[in-house]
Amino acid sequence: PFFAKKQVEAGAVGITWQKLGEAEVMADAGLNDIFLPYNILGEAKLARLLALHRRIKMSVTVDNEVSLAGLAAAFTDAARPLKVLVECDTGMGRCGVQSPKEALALAQKIAAAPGLRFGGLMTYPAAGGYAAAEDWLSDAVKLLAQSGLQCETVSSGGTPDLWRSGGKSVITEYRPGTY
């Protein structure tokens, strides 16, 4: 929490954690804007996520319909929807939907769930793959716009390529800071 608070004091808008337990520790320490870019599965974890969401500003990702169905079942309050981003595999080969069309299909399902809000796209690009990730994400943002979906956030990780981005980009936030 010490270092996360220092990041926020230095201008970070929010913080990112990979595990639900880590997010709970950060919330308990007073951090109130947390992004969890990881599929949450199971009733117990969904209940913990819901409890966090009631306390602080939370956002998460999904890359499949099973995870999305769990979120949609747990989050039903249309007055306080959970922000959900679609995780996109832009070349790393780890997680995420495989094409901009798949991103659109999942985004439409998020937008249709009353207690969820489509919040954008998220990627962890392959090192050195900035240009390919930019093209992939640009295509997805265009498809979303053509379908009437606003893409509020386009989030990218990967500290090694952060400074190579330069110029105009579709990316609206970076998640640097592997430490």
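The values are calculated or read from the model by the stated rules, or taken from the named source; none is laboratory data. Since we're looking at a predicted model, the values are computed, not measured. Please note: Cβ atoms are built from the backbone with ideal geometry, for glycine as well, and neighbour counts cover all protein chains shown. We work out accessible area using only protein heavy atoms, side chains counted, and drop any ligands, DNA or RNA first. Shrake-Rupley method; radii C 1.70, N 1.55, O 1.52, S 1.80 Å.
Observations, loosely collected:
- Of the residues LEU144, LEU106, LEU162, LEU149, the single one that is open to solvent by less than 40 Å² (accessible area, probe 1.4 Å), within 15 Å of THR61 (Cβ to Cβ) and either in a helix (DSSP H, G or I) or modelled with pLDDT of 95 or more (or both) is LEU106.
- Every pair of residues 6+ apart whose Cβ atoms lie under 8 Å, when the first sits in the stretch 125-136 and is over 15 Å from THR172 (Cα atoms) while the second is crowded, with 18+ Cβ neighbours inside 10 Å and of a type in the set (S, T, N, Q): ALA126/THR90; GLY129/THR90; ALA132/THR90
- From the list THR16, THR61, the one residue that fits, being open to solvent by 40 Å² or more (accessible area, probe 1.4 Å), under 25 Å from GLN98 (Cβ atoms) and in contact with a strand residue (DSSP E or B) (Cβ under 6 Å, 6 or more places away or on another chain), is THR16.
- Within the stretch 109-130, the residues that satisfy the criterion of being of a type outside the set (Gly, Ala, Ser), open to solvent by less than 20 Å² (accessible area, probe 1.4 Å) and more than 16 Å from SER147 (Cβ to Cβ) are LEU116, MET122, THR123, PRO125.
- Residue match in the stretch 81-95 (condition: crowded, with 17+ Cβ neighbours inside 10 Å, part of a helix (DSSP H, G or I) and over 16 Å from the mean Cα position of the chain (by Cα)): no
- Within this structure, GLY177 fails the test of being modelled with pLDDT under 90, closer than 24 Å to ILE34 by Cα and buried (at least 19 other Cβ atoms within 10 Å of the Cβ).
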